[in-house]
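K.L.:
One structure follows; several queries about it will come next.
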Amino acid sequence: QVQLVESGGGLVQPGGSLILSCVASGTIVRIYSSGWYRQAPGKQRELVASLASDGTTNYADSVKDRFTISINNFEHTVYLRMTSLKPEDTAVYYCNVECTVAATGGLHEENVWGQGTQVTVSS
């Protein structure tokens, strides 16, 4: 079973930067797509950034040119680099991956969510 552990969240002043990390553990053969989502209090969870297996990235309009998603597939780690942070970026950030996993019966795909990491942008 694959598990995700996110880290890197915290309190940062407006205009500051953070790098979120999402480490996947388990018998992972390959992460073929990944994404970062966020949920602010009283709001629905929204997609922030995604990375497809062909390297295509997609960003929410509100974070374009400020956030960058990347992956190190050797270390099974997904990153979200966030710059020029704004108070409206405050939310719990969740990592999601789709991956191929090796199990006793062979290979199968899993869709896994992390537990979330809090990002607070405030002066």
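K.L.:
I'd like the carbon and sulfur percentage of the solvent accessible area for the chain, probe radius 1.4 Å, heavy atoms only, ligands and nucleic acids excluded.
P.N.:
Numbers: 3200 of 6590 Å².
C and S fraction of accessible area: 49 percent.
K.L.:
Work out from phi, with θ = phi - 60° and the Karplus expression 6.51 cos²θ - 1.76 cosθ + 1.60, the ³J(HN,Hα) of each residue of region 103-115, listed in order in whole Hz, and give x for Gly and Pro.
P.N.:
Computed from phi, the couplings for region 103-115 are 9, 4, x, x, 8, 8, 9, 10, 10, 10, 10, x, 8 Hz.
K.L.:
Under a 10 Å cutoff between Cα atoms, tell me which one of 41, 87, 14 has the largest fluctuation in the Gaussian network model of the chain.
P.N.:
In this elastic network of the chain, the residue with the biggest mean-square fluctuation among 41, 87, 14 is 41.
K.L.:
Name the most mobile residue of 54, 65, 89, meaning the one with the largest mean-square fluctuation, in a Gaussian network model of the chain with Cα contacts below 10 Å.
P.N.:
Comparing 54, 65, 89 in the GNM, the peak value goes to 54.
K.L.:
Can you pull out the cysteines in the chain that have no other Cys Cβ under 4.7 Å?
P.N.:
If one checks each Cβ against the other cysteines of the chain, 99 turn up with nothing under 4.7 Å.
K.L.:
Could you give me the ³J(HN,Hα) list for region 75-84, computed from phi with Karplus coefficients 6.51, -1.76, 1.60 and θ = phi - 60°, whole Hz, x at Gly and Pro?
P.N.:
9, 6, 10, 10, 10, 9, 8, 10, 10, 6
K.L.:
List the residues, sorted by chain then number, that are 5 or more residues from residue 85 or on another chain and whose placed amide H is less than 5 Å from its amide H.
P.N.:
15, 16
K.L.:
Further question: For the chain, what does the relative contact order come out to in percent, with C-alpha contacts under 8 Å and a separation of six or more? Before the final figure, lay out the partial values.
P.N.:
Details: 312 pairs, mean separation 44.4, N = 123.
RCO, the chain: 36 percent.
K.L.:
With every protein chain present, what is the per residue accessible area of the chain (1.4 Å probe, Å²)?
P.N.:
Working: 6590 Å² over 123 residues.
Here the residues of the chain average 54 Å² of exposed surface.
K.L.:
While we're looking at this one, here's another question. Out of all Cα-Cα pairs in region 8-116, roughly what percent, to the nearest whole number, are more than 20 Å apart? Each step should come with its number before you reach the end.
P.N.:
On the way: 2311 of 5886 pairs.
Pairs farther apart than 20 Å: 39 percent.
K.L.:
About the Cα centre of the chain, how large is the charge dipole given +1 on each Lys and Arg Cβ and -1 on each Asp and Glu Cβ? Please answer in debye to the nearest 20. Could the numbers behind the result be given before it?
P.N.:
On the way: 8 positive and 11 negative charges, 54 e Å.
Here the size comes out at about 260 debye.
The values are calculated or read from the model by the stated rules, or taken from the named source; none is laboratory data. These numbers were taken from a predicted model, which means no experiment stands behind them. Cβ coordinates were reconstructed from backbone atoms using ideal geometry, including for glycine residues, and neighbour counts include every protein chain displayed. All accessible areas refer to the heavy atoms of the entire protein, side chains included, with ligands and DNA or RNA removed. Shrake-Rupley method; radii C 1.70, N 1.55, O 1.52, S 1.80 Å.
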